[in-house]
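To start, the structure itself, in structure tokens.
A short reminder: the numbers here are calculations on the coordinates, not readings from a lab. Note that the structure is a prediction, hence the values are computed from the model and not measured.
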Amino acid sequence: MTTVRVRLTLIYSGLFLLTSTVLLVTVNLLLRHALDRRIGRIGPLPVAPAAPAGPGLADHQLPTLPDLVDEVIDYQWGVTVATVGILTLVSVIVGWLVAGRILRPVHRITATAQRLSMSTLHERIALSGPKDELKELADTFDAMLDRLQRSVEGQRRFIANASHELRTPLAVQRAAIEIGLPEDVGEIRDKLLFHNHRTESLIDALLVLAQAEHGLEKRTPVALDEVVLLVLAEGGSDEVTVTTRIEPSVVDGDPILLSRLVTNLVDNAVRYNHPGGTVEVTLSRGVLKVRNTGPHVPEERFGDLFEPFRRLQTTRGQGAGLGLSIVASIAKAHGADVRASPNPGGGLELVVIFAESEDAVPGA
């Protein structure tokens, strides 16, 4: 697959060589025609008496005018071929340099587009130079970035406002249920509290999902091993055995979102399990693996694992189906890769591959 620069070089070189070759061939043909016509006008020249042949000159004669013309034309064609060869090399080099200079603004636009993320939307191309098509393209791209930045900032403000406006009435509702209902309606009270807690969890999950999908505003070195150990210490289940193998690992990201990622992975491994099952958590060189026993996951449902509001029928919990979709969004925001594969005896192995931070201390 040839690049635009190569194609432009070939076009420039081809046109230059075509015109040069046509010009040189035309000059040679006109020169030959002119010489033949002039010789025809001169006519045959008088021949001088032959001088006595000296030693070694017996078989040699002076060249005639037609012979001289043929020699000149042959020499001229040789020079033409050499000139075309040199022009070929020069045109390719000049065409490559000219094409690179013309495409330099395009490379700048491409580099800026590749570097942009939700946390670098403030950057602009700001292409200088004459107001041509490339300048117009760069200015259009900058204007699009302005609109995109305003949209993202507006959505972030909406998330922050929604977080406050949705949590506050639920907190008031929970306090009213806990304090205002008498003890003799305990079953109704517990059911209302259960649905209140479930609604809070759903709202929190949706807000985290929205925040993750809008990228990270800033990154800091995070000790991922400490995050994993803290999540495991706070969680756990009496019905499932959790084993760990944790090595020090530092990644660049948001500690709150990373904690939520690990929490969702562990909760998912416990929920999609069976009594007496196991969950194995390993962390090594920026690769987090959570493996569990449990029911077999149908192959046709594998594509639904990271989709929002998709729940497998084998789960024993009452989740909203956002756990692994949040994991995928947080991983994407951190530039990490998420993979899932089935275990031979049932259950899943979920792997999140991070890029370790440059601030990590080797062997720490």
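Which ³J(HN,Hα) values in Hz, rounded to whole numbers, follow from the phi angles of the range 248-264 under the Karplus curve 6.51 cos²θ - 1.76 cosθ + 1.60, where θ = phi - 60° and Gly and Pro get x?
Result, ordered by residue: x, 7, 10, 10, 8, x, 9, x, 5, 5, 5, 4, 5, 4, 5, 4, 5 Hz.
Which translational diffusion coefficient, to the nearest whole µm²/s, is obtained for the range 85-175 from the Stokes-Einstein equation, given a Kirkwood hydrodynamic radius over C-alpha pairs, 37 °C and 0.692 mPa s?
Numbers: Rh = 17.1 Å.
Roughly 192 µm²/s, to the nearest whole number.
Express as a percent, rounded to the nearest 5, the fraction of DSSP beta bridges in the range 235-299 (both residues included) that run antiparallel.
Numbers: 6 of 13 bridges.
Bridges in the range 235-299 are about 45 percent antiparallel.
In sequence order, what are the phi-derived ³J(HN,Hα) couplings for the range 275-286 according to the Karplus relation 6.51 cos²θ - 1.76 cosθ + 1.60 with θ = phi - 60°, rounded to whole Hz, with x for glycine and proline?
For the range 275-286, the Karplus curve yields x, x, x, 10, 10, 10, 10, 10, 9, 8, 6, x Hz.
Please work out the C-alpha center-to-center distance from the range 237-305 to the range 77-140 and express it in whole Å.
Answer, in whole Å: 49.
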